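Structure, as structure tokens:
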């Protein structure tokens, strides 16, 4: 019978012995920057920002996730200073157009790059109300063979909320879309059904992710 792992132990105030690989960061002639989220547009923007800062064409993107930077002569032997300067550069990454829908809470999150093609939107609520009541039916006086019975009376009422039909032109941005949906009184839960319908119609130029 074996319990847990008998070959595992802990040494108080112990140490980990590793063999270090010879490496001199300061003597590198080229630097390779890897993007956490590979994207061609972002790679070009980063390269352009580095070249503008160094005032020379020292950086160029090798692919969507890798940027090679040739160390300028002014920073030879001072790569730490070069990296510290590059870390301060401000670059706007390319963000994919995406809409996140949470059906459980009705939360809708949209990016600024969301666009839609020409589409007409109408959204209304259809409610069906059924009322059932019981009535007592009694025979007329002096009638023969009559019985008192209970009858059920059902009333069905269908109500459809009137909503406006709006036409969204091609290339509508996020702000215009939100204002238009607010104009027809759409709630966050309504937006989920509306975006799913627009996506099914092929007019939504964005990824639709339901969580």
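The values are calculated or read from the model by the stated rules, or taken from the named source; none is laboratory data. Quantities reported herein were computed from a predicted structural model and do not represent experimental measurements. FYI the Cβ positions are ideal-geometry reconstructions off the backbone, even for glycines, and counts take in every protein chain you see.
Only one entry of 32, 44, 69 meets the criterion of being surrounded by 12 or more Cβ atoms within 10 Å (Cβ to Cβ), modelled with pLDDT of 90 or more and more than 27 Å from residue 113 (Cα to Cα), and that entry is 69.
Evaluate region 41-54: report whether one residue or more is without any contact (Cβ under 8 Å) to a residue 24 or more places away in the chain, over 22 Å from the mean Cα position of the chain (by Cα) and closer than 30 Å to residue 177 by Cβ. Working first, answer last.
Initially, region 41-54 is screened for residues without any contact (Cβ under 8 Å) to a residue 24 or more places away in the chain, giving 44, 47-48, 51-52, 54.
After this cut, where a residue has to be over 22 Å from the mean Cα position of the chain (by Cα) as well, the list is 44, 47-48, 51-52, 54.
Subset that is closer than 30 Å to residue 177 by Cβ: 44.
Within region 41-54 (the criterion being without any contact (Cβ under 8 Å) to a residue 24 or more places away in the chain, over 22 Å from the mean Cα position of the chain (by Cα) and closer than 30 Å to residue 177 by Cβ), the answer is yes, since at least one residue qualifies.
Yes or no, residue by residue, for (1) at pLDDT 65 or above; (2) touching a helix residue (DSSP H, G or I) at 6+ places or on another chain (Cβ under 6 Å); (3) within 30 Å of residue 93 (Cβ to Cβ):
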| site | (1), (2), (3) |
| --- | --- |
| 111 | yes, no, yes |
| 117 | yes, no, yes |
| 127 | no, no, no |
| 156 | no, no, no |
| 160 | no, no, no |
| 177 | yes, no, yes |
| 183 | yes, no, no |
| 190 | yes, no, no |
| 199 | yes, no, yes |
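Could you list, in sequence order, all residues of region 104-114 that are surrounded by fewer than 14 Cβ atoms within 10 Å (Cβ to Cβ) and out of contact with any strand residue (DSSP E or B) (no Cβ under 6 Å at 6 or more places or on another chain)? Before you say what the answer is, go through the steps one by one.
Step one: list which residues in region 104-114 are surrounded by fewer than 14 Cβ atoms within 10 Å (Cβ to Cβ), which gives 104-106, 109, 112.
Scanning region 104-114 gives 104, 105, 106, 112.
Would you mind telling me which numbered condition in (1) touching a helix residue (DSSP H, G or I) at 6+ places or on another chain (Cβ under 7 Å); (2) modelled with pLDDT under 75; (3) surrounded by 14 or more Cβ atoms within 10 Å (Cβ to Cβ) residue 172 fails? So the condition that residue 172 fails would be (1).
Within region 84-108, residues that are under 20 Å from residue 41 (Cα atoms) have Cβ atoms under 8 Å from residues that are at pLDDT below 80 and exposed (fewer than 11 other Cβ atoms within 10 Å of the Cβ) in these pairs: 95/112, counting only partners at least 6 apart in sequence or on another chain. Within region 1-26, residues that are under 30 Å from residue 83 (Cβ atoms) sit with their Cβ atoms under 7 Å from residues that are modelled with pLDDT of 75 or more, at 6+ positions apart or across chains, in these pairs: 25/79; 26/77; 26/79. Considering region 195-211, the residues that are surrounded by 14 or more Cβ atoms within 10 Å (Cβ to Cβ) and not in a loop (DSSP other than H, G, I, E, B) include one that is nearest to the chain's Cα centre (by Cα), namely 208.
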